[in-house]
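The values are calculated or read from the model by the stated rules, or taken from the named source; none is laboratory data. Here the structure is a predicted model, which is why all the values come from computation and not from measurement. Reconstructed Cβ throughout: ideal geometry from the backbone, glycine too, with neighbour counts over all protein chains shown. Only protein heavy atoms, including side chains, enter the accessible area calculation; ligands, DNA and RNA are left aside. Shrake-Rupley method; radii C 1.70, N 1.55, O 1.52, S 1.80 Å.
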Amino acid sequence: MALYILLVNVSHSAIGSRIPKEQLPPFGLLCVGGPLIDDGHRVELIDAEFGPMPMADLTAEIVRRAPDAVLFGHSGSSSGHPIIAQVSAAVAKALPSTSIVYGGVHPTYFWREILAQEPHVLAIVRGEGEETARRLMRAIADHGSLNDVPGIAYRNLEQVIDTPAAPVITNLDAYRVG
């Protein structure tokens, strides 16, 4: 089953993210997007850095599009986390059947805290996301076990589970940027 997946790069004012008239591209999200497109999913990106898009407008746009899954990430990582936490919570409240997934450097290292504090987050992609996100979206689409997806952390009822680390990608040419 193909999913409608929305990749979301939130906006924030960290200097590493917003240089005058220039923005860092959401490269990690784009790298994850290509394999998801290749798997047949409908994948779109909202890059809220442009404008920048106010948080309320970003939330409203995500809700308006009503995706099956929202994958959050940010080039600024730790500095973007508070915004991701707020937007993802609002989206989960408005769209309770939408799967919220979070990836990047910050969630890779702070997955325990995020899953403990943010019950709306279904799963965290830890480490490289190209293959892990692909496997996670397949499991979600097929209503499969998340425990079978290496490289994630998730909550099963009240228990936080981390699966074994995913193998390191040895051939990046096998994955295209979306």
Of every Cα-Cα pair in the chain, the percentage lying beyond 30 Å is 10 percent
Accessible area (Å², 1.4 Å probe, nearest 10) - residue 177:
70 Å²
Expressed as a whole percentage, what fraction of the accessible surface of segment 103-178 belongs to carbon and sulfur atoms when a 1.4 Å probe is rolled over the protein heavy atoms?
52 percent
Probe 1.4 Å, all protein chains in place: accessible area of residue 145 in Å², nearest 10?
60 Å²
Which net charge results for the neighbourhood of residue 133, defined as the other residues with beta-carbon distances under 13 angstrom from its beta-carbon, given Lys and Arg at +1 and Asp and Glu at -1?
-1
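Working from the alpha-carbon coordinates of segment 118-178, get Rg over Rh, Rh being the Kirkwood radius.
Numbers: Rg = 12.1 Å, Rh = 12.3 Å.
My calculation puts Rg/Rh at 0.99.
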Hey, what do the phi angles of segment 158-165 turn into as Karplus ³J(HN,Hα) couplings, whole Hz, using 6.51/-1.76/1.60 and θ = phi - 60°, x for Gly and Pro?
9, 9, 8, 10, 10, 7, x, 4
Amide H neighbours of residue 127 at under 5 Å, excluding residues fewer than 5 places away on the same chain, with H built from the backbone geometry, are 104, 108
Please give me the summed charge of the neighbours of residue 154: other residues whose Cβ is under 13 Å from its Cβ, Lys and Arg +1, Asp and Glu -1.
0
Summed side-chain charge close to residue 173 - residues other than residue 173 whose Cβ falls under 15 Å, Lys, Arg +1, Asp, Glu -1
-3
